[in-house]
Amino acid sequence: MKKSTLLILVLIVALLVGATVLYNRLSEGMELDRLAIQGGAETTAPTDSQPADTHDHAETDPTETAEATETTEAPELHMAPDFTVYDLEGNAVRLSDFIGKPVVLNFWASWCGPCKMEMPDFDAAYQELGEDIHFLMVNLTDGYQETVEVASGFIQEQGYTFPVYFDKDTDAAMVYGVSSIPATYFIDAEGHAIAQAVGAIDAETLQRGIDLIYP
């Protein structure tokens, strides 16, 4: 191997490691309860500090309320971009293969601390809802820092039961513009991208996302 090629590989690994360390540090202060819903809205978990409804509101004209309701349009739905990943046996799998049931799409890697933090909640949700919802746990398999062997070994060691797919061609990551992980997308049964969350999410937020695609 030429020295220049070896140097490039070393630099790539160093950049990946540095980015991982930086992301793990920054993610310590990230909110765990934020979902971005298609259309630009954001939802957070309710807190006790939110004021209760005291019914002391100014009177409104019922006709104005009706007009506002009639003119409010639902956000336009967009199809989730398709991609190709691979199962443990090396078979090609496309996101479009799963249309017909809701999909929870999660990008992760075994070296990612926040990914590990949320995985037990994803596995619990899969065990409860796996017959009704597809869980696509997509591993960022770059072949250097993360390989099929390393990723599958981690899943087996932890005893997780959800299906894992490997993004060996970085097709899924590029299509979705994944620049930090974990990242989770909630897709309805017709293939529309409904909501997403960047960063680790807790069980409550995961359930809120599921409720948006599986009411």
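The values are calculated or read from the model by the stated rules, or taken from the named source; none is laboratory data. As the structure is a prediction and not an experimental result, all values here were calculated from the model. Cβ: placed from backbone, ideal geometry, glycine included. Neighbour counts: every protein chain shown. Ligands, DNA and RNA are stripped out before the accessible areas are found, and what is left, the full protein with its side chains, is counted by its heavy atoms. Shrake-Rupley method; radii C 1.70, N 1.55, O 1.52, S 1.80 Å.
Observations on the model:
- Within segment 90-119, being under 17 Å from Gly191 (Cα atoms) and either open to solvent by 40 Å² or more (accessible area, probe 1.4 Å) or more than 17 Å from the chain's Cα centre (by Cα) (or both) holds for Val93, Arg94, Ser96, Asp97, Ile99, Gly100, Lys101.
- Of all residues in segment 132-150 being farther than 23 Å from Ala193 by Cβ and among the acidic types (Asp, Glu), the one that is most open to solvent (accessible area, probe 1.4 Å): Glu149
- Hits in segment 128-165 (condition: within 20 Å of Ser179 (Cβ to Cβ), more than 19 Å from the chain's Cα centre (by Cα) and of a type in the set (Gly, Ala, Ser)): Gly143
- Single residue of Leu88, Leu140, Leu129 found to be closer than 19 Å to Leu212 by Cα and of a type in the set (A, V, I, L, M): Leu129
- For segment 180-189, the set of residues classified as of a type in the set (Gly, Ala, Ser), under 12 Å from the mean Cα position of the chain (by Cα) and in a loop (DSSP other than H, G, I, E, B) consists of Ser180 only.
- Residue within segment 159-173 that is open to solvent by 50 Å² or more (accessible area, probe 1.4 Å) and touching a Pro at 6+ places or on another chain (Cβ under 9 Å) present: no
- Listed conditions (1) of a type in the set (A, V, I, L, M, F, W, C); (2) open to solvent by less than 50 Å² (accessible area, probe 1.4 Å); (3) touching a helix residue (DSSP H, G or I) at 6+ places or on another chain (Cβ under 8 Å); (4) within 19 Å of Ser179 (Cβ to Cβ) are all met by Phe122, apart from (4).
- The residues of segment 158-182 that are under 15 Å from Asp87 (Cβ atoms) and among the aliphatic types (A, V, I, L, M), listed by number, are Val164, Ala172.
- Filter result (aliphatic (A, V, I, L, M) and modelled with pLDDT of 95 or more) within segment 179-205: Ile181, Ala183, Ile187, Ala189, Ala193, Ile194, Ala195, Ala197, Ala200, Ile201, Ala203
- Neighbours by Cβ (under 9 Å, 6+ apart or cross-chain): first from segment 183-208, in contact (Cβ under 8 Å) with a residue 24 or more places away in the chain and over 18 Å from Ala124 (Cα atoms); second part of a loop (DSSP other than H, G, I, E, B) and of a type in the set (Lys, Arg): Ala189/Lys101
- Annotation note: Cβ proximity below 6 Å between a residue of segment 63-89 that is open to solvent by less than 50 Å² (accessible area, probe 1.4 Å) and a residue that is modelled with pLDDT of 60 or more and in a helix (DSSP H, G or I) (sequence gap 6+ or interchain) occurs for Phe83/Leu95; Phe83/Asp171; Phe83/Ala172; Phe83/Val175; Thr84/Asp171; Val85/Ala172.
- Long-range neighbours under 6 Å by Cβ, at least six apart or interchain, first residue hydrophobic (A, V, I, L, M, F, W, C) within segment 133-147, second open to solvent by 40 Å² or more (accessible area, probe 1.4 Å): Ile133/Tyr214; Phe135/Tyr126
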